[in-house]
Amino acid sequence: MEPHRDEPVIICRGLRKAYGSVVALDHLDLEVPPGAIGLLGPNGAGKSTLIKLLLGLIRPTEGEASVLGFDTARDGIQVRQRTGYMPESDCLPGDVTAADFVGHMAQMSGLPARAARLRAAEVLYHCGVDEERYRLIREFSTGMKQRVKLAQAIVHDPDLVFLDEPTNGMDPQGREEMLELINRIHREIGITVLLSSHLLDDVERVCDYVLLVAQGRLVQHGPVRELIAGAGDILVEVDGDAARFREALVARGATVTASDGMLAVKHTDDLVFDVIRDTAADLDVALRGLRIQSRSLEDVYVQQVLAVNGGSDGVERAG
Amino acid sequence: MSSVPGEAGAAQSGARYGEVFDRGYQHYEGRREGRAHAVRALTLYSVRGALGIKKRWTAKIIPIFIYAASFLPVAVIIGIRAFVGPVAEGFNYSSLYVALSPLLLILAAAAAPEMLCDDRRENVLPLYFSRAITRGDYLLAKIAALGILLGSIAILPPLLLFIGNTLLAESPLGYLRDQPDEVGRILATGTLLSIFYAAIGLVIASFTARKGVAAAIYIGFITIETAIVEALANAITASWRDFLDLISLGNVPDRIINWVFGGTSAVGAPPVGAPLQGWLYLFVVAGVAVICGVVMYQRYLAEE
């Protein structure tokens, strides 16, 4: 079943998961569109728990979730028929060849034996494991194992694939190739990707929609473009007495800081632009530059997660 | 990732030089089977794994030894009887099963951990559980796989003996008339022994990720438990002491064999338990299977 392009692929309503007194996920409400979705958060934020809930592998303590239109608690089998999963941890048997194992996983997803073998060879090829597929998995490097893990996740041609820290333990070149591969899966092959990571750069490069979670709570979500664009400070460059201009802005209620020789005015709402214009006119100061400061995903992340974590962002910057 | 195979390969296959092969990703449009197919696939995969097929040679040693030790004596006896005449008259189904019991124990001790421990140690379980199967399906496949393996030892050699006896009889049809329920007895005994050994082997293997530990615990548990129960039974004089034999796990296969094929055990009359009816051991096997099944299911239900 190919989901309609506009329909949410994932819906959560008051989703909560607690292990005794430890709350792993706390009342998640969200609707996620198809595409490449980043699930971003520090270690222990609840990302893996959310994936297991969405796969129907564990039951929520409260609330409900649906994936591709199927209730995850009630229709786990149907969810898993249409989804793929690449776990974070090492999960490959060492004593079999990649071709055998991925073919076996294709059969486990319902493909007949012959089709499974052909499909395994084809998908391994697309994942960059060609002739090596006849080697035992234990002889593979970390990068090759990650490719095999990815191949088993998409061998049955799912509509949605969950990738949990897919670049974990990879060297820079391997990481580049893996991100390129994930991009292809989404953009060329058309499989919706939910990429769980604590690496901001991975998410920023691959995803067009982001879910930010921290301490089990959804702290921000939305299209990446909107998140990094909308709410940055307004950078103002004036020709004239900048100090006086700043005082006047503050007197009119604006929050202003100095930033690289310019004034950074907090973008509370669009009326701030009127305040800046009127103040410049009143003080006879020429406005030389006026633009919204672009934010990186990291800025958004740090701002949101710091607020929840009380100081520690728990994130790793790649590169 | 190149999308063009090597020119040498193209030349070998007779393709036009410079021809571009489209190996673009194709969506799978073929047939998709259900859970039963997945269970079958996992069963066969587990059987192959336990037999060491497509694995290094050390993984094949125990299966080869067990199969050789199971089939060779039967084949040799039949061969000698065919060429020399009636020999080893005492070699009947009952004595064959008594000889097969320790082999079944060894095979279960080796194969049950092979089927469950590797999946846990190598963390493959999340991959299986992310497929369209339930945890019950996973266990069903593993039980079926071990059942097939043990059944091939517990049923095929006696069947081979039966076929040999039939063909070597003066009148094969007359032999079949005289032994109408022999095949049924073989199937029943083989099935019960397979269930018994598989259930205990799998439940022990489900608690550890280390194959050697699971195998040692399995053999140690049956041996020590049997010794303790026998010692207890011999130490007391109460009338109910015979019933202790029902929980003497090492003796259960022997009692089943005696019950199905009649007579006393080839290894001697049991010190206790002799007065008990054979069908009681049927309940023991059923009880062991149910308890082990429930424990295993609970164990895997908790698995994430």
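Values in this text are rule-based calculations from the coordinates and carry no lab data. Just so it is clear, the model here is predicted, and its values are computed rather than measured. Virtual Cβ from ideal backbone geometry, glycine too; neighbours counted across all protein chains shown.
Here are the numbers for this structure:
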{"item": "Among B:228, B:148, B:62, residue whose mean-square fluctuation peaks in a GNM of chain B (springs only between Cα atoms under 10 Å)", "result": "B:228"}
{"item": "Residue-by-residue Karplus 3J(HN,Hα) for the stretch B:189-199, coefficients 6.51, -1.76, 1.60, Hz, glycine and proline x", "result": "5, x, 5, 5, 5, 4, 4, 4, 5, 5, 4"}
{"item": "Estimated FRET transfer efficiency when R0 is 41 angstrom, pair residue B:170-residue B:280 (beta carbons, to 0.05)", "result": "0.55"}
{"item": "Crossing angle, helix B:61-83 versus chain B [Cα axis fit, 0-90 degrees, rounded to tens]", "result": "60"}
{"item": "Spatially proximal aspartates and glutamates relative to residue A:17 (Cα-Cα < 19 Å; intrachain offsets below 8 disregarded)", "result": "A:26, A:29, A:31, A:62, A:64, A:71, A:75, A:164, B:303, B:304"}
{"item": "Choice from A:178, A:86, A:262 with maximal GNM fluctuation in chain A (Cα, 10 Å cutoff)", "result": "A:262"}
{"item": "Cα-Cα P(r), chain A, percent of pairs per 10 Å interval", "result": "6, 23, 27, 20, 12, 7, 4, 1"}
{"item": "Reachable lysines, given that their alpha-carbon falls under 20 Å from the alpha-carbon of residue B:60 and they are not under 8 places away in the same chain", "result": "B:142, B:211"}
{"item": "Reduced Cα scattering model of the protein assembly as shown, Debye log10 I(q)/I(0), q = 0.09, 0.10 Å⁻¹", "result": "-0.86, -0.98"}
{"item": "GNM result for chain B, Cα springs below 10 Å: residue of B:282, B:42, B:168 fluctuating most strongly", "result": "B:168"}
{"item": "Distant-in-sequence amide H partners of residue A:84 (H built 1.01 Å from N, under 5 Å)", "result": "A:160, A:161, A:162"}
{"item": "Over the stretch B:33-301, relative contact order from alpha-carbon pairs under 8 Å, at least 6 apart, %", "result": "24"}
{"item": "Those aspartates and glutamates that a straight Cα-Cα span of less than 12 Å connects to residue B:54, excepting residues fewer than 8 apart in one chain", "result": "A:95, A:100"}
{"item": "Cα-based helix-to-principal-axis angle, B:279-301 vs chain B, degrees rounded to 10", "result": "30"}
{"item": "Charge sum, other residues only, whose C-beta stays under 15 Å from residue B:34's C-beta, Lys/Arg counted +1 and Asp/Glu -1", "result": "+4"}
{"item": "Gyration tensor verdict on the stretch B:33-301 (Cα atoms; rounded if a/c is under 1.5, prolate if a/b is larger than b/c, oblate otherwise)", "result": "oblate"}
{"item": "Using alpha-carbon coordinates, inclination of helix B:211-235 to the longest axis of chain B, degrees", "result": "10"}
